[in-house]
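Novice: So that we are looking at the same thing, I have put the structure below in structure tokens.
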Amino acid sequence: MKTELKKLKNSEIGIEFELTAEEFAKHFEKALLHLKDHVKMDGFRKGHVPANMVEERIGKENVLMEAGDIAVKAVYPAFIEEQKLEPIGDPEVQIKKIAKGSEFLFTVKVTVLPDIKLPDYKGIAGKVKSKEISVDQKELQDTLDYLQKSRAKFSEVLRGAEDKDFVEIEYQNEHINGGKVIKDRFILGEAGFLPDFENNILGMKAGDQKDFMAKFPENTPNNLGGKEGNFKVKMLSVQKMELAELNDEFAKALGAFDTLVALKENLKEGIALEKKETEKQRVRGEMLEKISSQITFDIPQKMVDFEEARLFEELKQQVQSQFKIPFEEYLAQVKKTEEEIKKSYRLEAEKRIKNFLVLRQIGKAEHIEVTQEEIAQDLPKLIKNYTQEQLAKIDINQLKEYSKGAIFNEKIFKFLENLSNF
């Protein structure tokens, strides 16, 4: 058998196969043996019809197609394994020449994982340093303020709204949600809404209605930044917010704290852990970005297309769950088509796939593996994130593959972090 491999663009390859007449004859015989089991003829037991009669009954063309299929399924996988290639998806097969008693020619086009030549990733990772983690007084106070507000007492008042009151409103603006009525609630004076907007509703009582012009902040999307818009507002309720005093009694009311000092220490530890996790993710991102920036290879288009589609589906689900509006309405608001949004994900999809492939190559270079025991230990943690209804729809094998990938990546990043003394 003769073979010729050609590298194409986008991490695709083309392979030409040529089997001799003698080699193809063996596959032709296998086809006849397979097909004769499905042929029934009077005077013969099933599976015992002579080969020449099978060929006549089924038709030479059908036997040839069966022989070609058997030959491809035997030859192509063996070649892939021999060359240590890693195909993505099903191959595109084209029969170039097929005839009984003649050579058999066919071509295959398939996407394969690229051959990545890694730079000195150990040296690059070793130069990435983490920043010192500390918790300042303002961060601690902000967290205490949040706890105060989360346990504040609210009482409805008949007076006009004042700074620090909790207000509930209905409003309309032609540029927001298609001009439909929107309900909202927030604390006045804490930038929960447009500053210009909040200033205009100060003094409004429950039941009051007001029309006014308010300026959108400069960073407002959809070309609204810096422009003025007309708002129609109805005040639904005004509530006075009373904060509990920050003392030992407040700490005890939260649970396992005897003093305010103990609560503060616990909060400080929690903030430090969050900042450490954020810094860990920053370091990992910097390592991967610096390693990837020194590598050039063809990114498989199929993988990019899949990731792009996945990101788009995530957006559709987010619109449905958070904004509670049809996706068509969302498209009208952002003034974009589905294709435009999909294209906007292209660079992000390419970046994610490149990072995935680079990490994978580092894992191979360092002989990093994931055991079945590790997957078994991780699976219960993943399952906790799903409801019984969701679990009924999930393929457990896909969940195991996800777990394997997550553990694999974590091992690689920990290996790189050890190089940087994180």
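Each reported figure results from applying straightforward, stated rules to the coordinates on display, with no laboratory input. In this text, all values refer to a predicted model and were calculated from it rather than measured experimentally. So basically every Cβ, Gly included, is an ideal-geometry build from the backbone, and we count neighbours across all protein chains shown.
Novice: Taking amide hydrogens as modeled 1.01 Å from N in the peptide plane, which residues meet the under 5 Å criterion relative to Y345, leaving out close sequence neighbours?
Specialist: none
Novice: Each label point is 7 Å from the Cα along the Cα-to-Cβ direction; what then is the distance between the points at E350 and D305, in nm?
Specialist: Computed distance between label sites E350 and D305 equals 1.7 nm.
Novice: Calculated from DSSP H runs of 4 or more alone, at -39500 (n - 2.57) each and per residue, what is the 222 nm mean residue ellipticity of the chain, nearest 500?
Specialist: The per-residue figure over the chain is -16000 deg cm²/dmol.
Novice: Something else about it: Cα-Cα pairs above 38 Å in the chain: how many percent? Before the final figure, lay out each step's value.
Specialist: Working: 48177 of 88831 pairs.
Here the tail beyond 38 Å accounts for 54 percent of pairs.
Novice: How much length is gained on full extension from A253 to K109, taking 0.36 nm per residue of separation minus their Cα-Cα distance?
Specialist: 45.1 nm
Novice: Another question about this same structure. Taking H as built 1.01 Å from N, whose amide H comes closer than 5 Å to the amide H of I88, not counting residues under 5 places away?
Specialist: For I88, the qualifying residues are T111, V112, L113.
Novice: Would you mind checking which residues have amide H under 5 Å from E103's amide H? H placed 1.01 Å from N; only 5 or more apart, or other chain.
Specialist: Under 5 Å from the amide H of E103: A21.
Novice: Please list, by residue number, every one of the GluC sites (Glu not before Pro) in the stretch 305-402 that is coil in DSSP and has at most 13 other beta-carbon atoms within 10 Å. The partial results should precede the final answer.
Specialist: Working: sites: E307, E308, E313, E314, E328, E329, E338, E339, E340, E348, E350, E366, E369, E373, E374, E389, E401; in loops: E366, E369.
Those satisfying the criteria are E369.
Novice: Also: Report the far tail of the P(r) of the stretch 153-242, meaning the percent of Cα-Cα pairs longer than 21 Å.
Specialist: Value for the stretch 153-242: 27 percent of Cα pairs lie more than 21 Å apart.
Novice: Right, here's the next one. Please work out the C-alpha center-to-center distance from the stretch 184-226 to the stretch 259-337 and express it in whole Å.
Specialist: Going from one Cα centre to the other spans 29 Å.
Novice: Would you mind calculating the gained length between V334 and L382 on full extension (0.36 nm times residue separation, minus the Cα-Cα distance), in nm to one decimal?
Specialist: 13.8 nm
Novice: Could you compute how fast the stretch 255-387 diffuses translationally, taking Rh as the Kirkwood radius over C-alpha pairs and applying Stokes-Einstein at 37 °C with viscosity 0.692 mPa s? Give it in µm² per second.
Specialist: 170 µm²/s
Novice: Could you tell me the relative contact order of the chain? Use alpha-carbon pairs under 8 Å, at least six residues apart, and round to a whole percent.
Specialist: 15 percent
Novice: Take the stretch 117-159, drop everything but the C-alpha atoms, weight them equally and run the Debye formula without solvent; then report log10 I(q)/I(0) at 0.14, 0.30 Å⁻¹ to two decimals.
Specialist: Treating every Cα as an identical point scatterer, log10 I(q)/I(0) equals -0.63, -1.01.
Novice: Given the options M303, M287, M241, which has the most mean-square fluctuation in a GNM of the chain, springs set between C-alpha atoms less than 10 angstrom apart?
Specialist: Of M303, M287, M241, the most mobile in the Gaussian network model is M241.
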